1. Counting only helical runs of four or more DSSP H residues, what would the 222 nm mean residue ellipticity of the chain come to if each run contributes -39,500 (n - 2.57) and the total is spread over all its residues?
2. Which order, highest average first, do 69-76, 215-222, 44-51, 153-160 follow once you tally other Cβ atoms within 10 Å for each residue and take the mean per peptide?
3. Could you work out how far the C-alpha centroid of the stretch 96-115 sits from that of the stretch 223-269, in angstrom?
4. Return the sequence-ordered ³J(HN,Hα) values of the stretch 124-136 in whole Hz as given by the Karplus equation 6.51 cos²θ - 1.76 cosθ + 1.60 applied to θ = phi - 60°, using x for Gly and Pro.
5. Which shape class, rounded, prolate or oblate, goes with the stretch 220-379 when its Cα gyration tensor gives a ≥ b ≥ c as root eigenvalues, a/c under 1.5 marks rounded, and past that a/b bigger than b/c marks prolate?
6. Treating cross-link reach as a plain straight distance, find the lysines whose alpha-carbon is under 20 Å from the alpha-carbon of K205, omitting any fewer than eight places away in the same chain.
7. So what's the angle, to the nearest 10 degrees on a 0 to 90 scale, between helix 11-23 and the longest Cα principal axis of the chain?
8. Post the alpha-carbon centroid distance, the stretch 357-379 to the stretch 31-94, in whole angstrom.
Amino acid sequence: MIPIAVPLLADEEADAARAVVLSGWVSQGPQVAAFEDEFAALVGAPHACAVANCTTALQLALAALGIGRGDEVITVSHSFIATANVIRYQGATPVFVDIEPETYNLDCTRLAEAITERTRAIIAVHQMGMPCDMAALVAVARRHGIAVIEDAACAAGSQIRMNGQWEAIGKPHGDIACFSFHPRKVITTGEGGMLTTSDAELDRKFRLLRQHGMSVPDIVRHGSQRVIFEEYVLVGYNYRMTDMQAAIGRKQLERLPQLIARRRALAFRYAELLGNIEGLRLPSEPEWARSNWQSYCVRLPDRLDQRATMQSLLDQGIATRRGIMCSHREPPYAGAEPRHDLRQSELAQDHAILLPLYAQMDSADQERIADAVKGELAR
Ligand SMILES: *Cc1c(COP(=O)(O)O)cnc(C)c1O
């Protein structure tokens, strides 16, 4: 059986978690602080704040920007449902725009028509690790005075060329970027998330919001020789990462460069193996983007039934997933007619499939997958 994804976790991660357990400090503490510093350095961001997962990161991004009831946030329907849900958590309204079929990312030519006097932010998703066209998107946002949040859940290790140089996703290129360390992403802490920003005031708000609005963190009180009374200066949350998770994350960060190199080689090999199959559309990078290939998504010809194709591959021992979901088709969002045409989003959900891609795959696995896909296309 070839699974869709396998995290790369080994003795280094297990030993790091064990050391934290035995240290006596297991909640948010020195490991979280070190993980934040190392992540910030890696992506070139002035500030990084670790949280429980990317869903909470996205919610805190909106909260720190003061987005709430009566506000509209533009994003894609074609994303994991958390992207839309966080907008609802804040009492704001998600406004969905369609994607480009080539990159599965927000179609920036459709942004202007979606902006109203209520629009406060855009959540740009780097779907499956493929960078979204940030230069175009930020230009529109700045013109209208709208904030930009990057949903970089899948995009740790991806790069984008901005102003003539390659930069990591997370620098950030909008106002705030949010990452996930769920096992389905490229690096994992079991559950985990990170916010990066260049704005010290936003970073200060993330830190208050993630920890009950507490003015003096418990770790500071723990280490103090003087009695400190803390205050709770706003209604915050408990969205902390644990030190065990952060210790694992630090080891995963060390692996990231090799993981990306390996994933890029695997994606390149898929392109060679699948490139000449009539009717199959392969993903490709715009010349200004370098994906971490969190997922490898191929578009089946319309004549092939997606579910039957996936079942047949599963029967041959190959796990796949259907194209990225569309939130506007799920019950919490399906009540209202979408304001804008979402045809490309729906077509991608209904006709694309994700193929297995993980560092431990070997060339025999990839050839077996390619042969099986070829077989399906020949039907
Ligand atoms: C996985 C994912 C999320 C949610 O991340 P969690 O860490 O699981 O909360 C949000 N947005 C996108 C695009 C994702 O792929």
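1. Values: 13 runs with 146 residues, N = 379.
Rounded to the nearest 500, the figure is -11500 deg cm²/dmol.
2. Values: 69-76: 20.4, 215-222: 14.1, 44-51: 22.1, 153-160: 27.0.
Final packing ranking: 153-160, 44-51, 69-76, 215-222.
3. Centre-to-centre (Cα) distance: 31 Å.
4. Couplings: 8, 9, 8, 5, 6, x, 7, x, 7, 6, 5, 4, 5 Hz.
5. On the way: a/c = 2.84, a/b = 1.63, b/c = 1.74.
The shape class here is oblate.
6. Within the straight-line limit of under 20 Å, K205 reaches these lysines: K171.
7. It works out to around 20 degrees.
8. With the stretch 357-379 and the stretch 31-94 each reduced to a Cα centre, they are spaced 35 Å.
Only the coordinates and a few stated rules stand behind these numbers; no lab work does. Source: prediction; values computed, not measured. Please note: Cβ atoms are built from the backbone with ideal geometry, for glycine as well, and neighbour counts cover all protein chains shown.
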